1. In this structure, is residue 209 closer than 24 Å to residue 245 by Cα, in a loop (DSSP other than H, G, I, E, B) and not hydrophobic (A, V, I, L, M, F, W, C)?
2. Kindly indicate whether residue 54 is within 25 Å of residue 16 (Cα to Cα), surrounded by fewer than 22 Cβ atoms within 10 Å (Cβ to Cβ), touching a Gly at 6+ places or on another chain (Cβ under 9 Å) and modelled with pLDDT under 95.
3. Wholly within the range 8-95, which helices (runs of 4 or more DSSP H) include no fewer than the required count, namely at least 3 residues that are among the acidic types (Asp, Glu)?
4. Here are 178, 190: which of them is within 21 Å of the chain's Cα centre (by Cα) and in contact (Cβ under 8 Å) with a residue 12 or more places away in the chain?
5. Against the definition (surrounded by 19 or more Cβ atoms within 10 Å (Cβ to Cβ), over 16 Å from the mean Cα position of the chain (by Cα) and not hydrophobic (A, V, I, L, M, F, W, C)), how does residue 225 come out, yes or no?
6. If you scan the range 171-185, which residues turn out to be in a helix (DSSP H, G or I), buried (at least 18 other Cβ atoms within 10 Å of the Cβ) and out of contact with any Phe, Trp or Tyr (no Cβ under 6 Å at 6 or more places or on another chain)?
7. Assuming residue 230 fulfils every condition listed in (1) more than 20 Å from residue 253 (Cβ to Cβ); (2) buried (at least 19 other Cβ atoms within 10 Å of the Cβ); (3) not basic (Lys, Arg) apart from one, which condition is it?
8. Can you pull out every residue in the range 224-259 that is over 21 Å from residue 278 (Cβ atoms) and either of a type in the set (Phe, Trp, Tyr) or out of contact with any helix residue (DSSP H, G or I) (no Cβ under 6 Å at 6 or more places or on another chain) (or both)?
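The values are calculated or read from the model by the stated rules, or taken from the named source; none is laboratory data. Being a predicted model, the structure only gives us computed values, none of them experimental. Here Cβ is always computed from backbone atoms with ideal geometry, including for glycine, and neighbour counts include all displayed protein chains.
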Amino acid sequence: MSNKILANNYLVIGNSYLEEGNVLKAKKFFNKAYKADPTNIEVLYEFALLCAQYDYNDQAIEFYDEIIKLDETQAGAHYGKAIIYDDIGDADNAEENYKKALDYDQAYYHAYLYLADIYDRKEDYKSAEAYYLKAIEVEPNNLWGYINYGSFLEIKDRNIEAMNMFQKAETIFPDHYMVSFNLGVIHKKMDQIDKAIYYYENAIESNLKHAYSFLNLAVIHKEAGRYEEATDIISRGITYNDNVSVLFYNKAIYLTYLGDFESAKSNLIKAVELSPSLRKYALKDEEFEELFKLGEFL
């Protein structure tokens, strides 16, 4: 049996253990595959991905570098390095490697999308927009190009253009919660409140685990003085997202307006337990003025 065939057999066994969640066994057989054929690119990819998954970033980069030494045109190896650098906050090296991935694969959708995000963070908005548009051109039926570009436009107050992006996404993914959520955001921003409510309600029904759909819908009712409705919505959100501090924090605000100070206290305490940094913010929040008149409790 050739070394290449032997390595591939070990690779199959390793992947079967990985699917079962047995990482140690998987690593053992990946290692056997590597020893059988150190130039097997598939084996090197498996090792790199495994190391990256468990944050052994230096080792993952070494495996990707081995792949690149064997075949510089492996766009996936350059992209893999870029993802690691991006995750650890090294935007310059991430940018360089995303671009190298695109040198060898001009249709690498995620490389365009993540480059756009890097340039957005660097406040190079012209380049960011160009890469968002390129991502959409490469994969016109992919949701995230429209969502990310639409959000980019919304932040720049290019609201009509943002609306167009979200509506294009809606034609392709009419039931996706992020499409409905972002349509809720832009309709609210454009003071189209009934439509915002409609889309936030759709987002909630599509994904009960997206806490900010509940939050944003509750805020609309709170701003209209409908504190009981806001409390009901945020309470439902907590039922499905009981580890999200901002839900408890806002519920405490609504309960304060309703004069239910004991319940407001318990919700604010829970919010601070989940996110201790909220304590300093809460103590300065004017919406808790009446609550804190009853005495310090945080």
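1. Details: closer than 24 Å to residue 245 by Cα: yes; in a loop (DSSP other than H, G, I, E, B): yes; not hydrophobic (A, V, I, L, M, F, W, C): yes.
Yes; evaluated as a whole, the condition is true for this residue.
2. On the way: within 25 Å of residue 16 (Cα to Cα): yes; surrounded by fewer than 22 Cβ atoms within 10 Å (Cβ to Cβ): yes; touching a Gly at 6+ places or on another chain (Cβ under 9 Å): no; modelled with pLDDT under 95: yes.
Answer is no for this residue.
3. 57-70
4. On the way: 190 fails: within 21 Å of the chain's Cα centre (by Cα).
It is 178.
5. Values: surrounded by 19 or more Cβ atoms within 10 Å (Cβ to Cβ): no; over 16 Å from the mean Cα position of the chain (by Cα): yes; not hydrophobic (A, V, I, L, M, F, W, C): yes.
It is false that residue 225 is surrounded by 19 or more Cβ atoms within 10 Å (Cβ to Cβ), over 16 Å from the mean Cα position of the chain (by Cα) and not hydrophobic (A, V, I, L, M, F, W, C).
6. In the first step, residues of the range 171-185 are kept if they are in a helix (DSSP H, G or I); the result is 171-172, 177-185.
Okay, now just the ones that are also buried (at least 18 other Cβ atoms within 10 Å of the Cβ), so 177-185.
Across the range 171-185, the qualifying residues are 177, 178, 181, 185.
7. Unmet condition: (1).
8. 224, 225, 226, 228, 232, 236, 259
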